[in-house]
Amino acid sequence: MAVKNVLKRGFKAKAERQALEIRKSLGLSPWSPLCAFKVAEHIRIPVYDATEFVNSSSSINILSGHSGHDSEWSALTMWTKAGNRIIIYNPFHSQARQQSDVMHELAHIICEHEGDEPDENLNLPFGLRKYHVEQEEEANCLGSTLQLAKPCLFWAKKRNLPYEEIAKYFNASADMVKFRMNITGISKRRYINKKV
């Protein structure tokens, strides 16, 4: 059964523009790799390693996946008591996963999603927010677009780079590269192999 697209009309095009605007504001070319942590710094969002909030060995074991299963907890955005937004991420995931997770959380902030109120009983790595389908789809779209904007994909496609090499260059997962190549239709385009 197909999942209905809940993105508003024009959202994908807006996400592409935002990805380019952020690169430009950081002095990067449209096809440059974009670091989520630098974006966070640029828009003044503090980002914290979850181990700064966890002090029990059992929680660290779960967060790191040493408890016998992989930790699925990735990241969250929340309001502090002082009224500021922060991002907390799982440092035990791969660098590519961390980039994707933090981009996703930044996308929530850029989209001005409400976010969660401060929780005095935040229990990392189990802290969860309410799930809003439309907001999550917007964050998925914008987060992945920030990481791999169309100019990045065109740049790689023109060079006939394999997905693994594209993933390494942009610090993304090969699955993310495949997803973006397919959803943008760039995977179906053909180019003469030449340097641009």
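Laboratory data are not the source of any read-out in this text; all were calculated from the coordinates shown. Keep in mind the model is a prediction, meaning the values are calculated, not measured. Every residue, glycine as well, gets a Cβ built from its backbone with ideal geometry; the counts of neighbours run over all protein chains shown.
Each of Cys111, Cys152 has some number of other Cβ atoms within 10 Å of its Cβ, and from fewest to most they run Cys111, Cys152.
With a 10 Å Cβ neighbour count serving as the proxy for reagent exposure, in which order, fewest first, do Thr51, Thr80, Thr145, Thr184 appear?
Details: Thr51 17, Thr80 10, Thr145 26, Thr184 20.
Lowest to highest Cβ neighbour count: Thr80, Thr51, Thr184, Thr145.
With r defined as the distance between the Cβ atoms of Ser57 and Glu165 and R0 fixed at 41 Å, what FRET efficiency is calculated, to the nearest 0.05?
On the way: r = 39 Å, r/R0 = 0.95.
Rounded to the nearest 0.05, the efficiency is 0.60.
Could you tell me which of the pairs Lys24/Lys168; Lys81/Lys150; Lys12/Lys81; Lys81/Lys178; Lys8/Lys150 are separated by over 29 angstrom between their Cα atoms in the structure shown? Beyond 29 Å: Lys81/Lys150; Lys12/Lys81; Lys81/Lys178.
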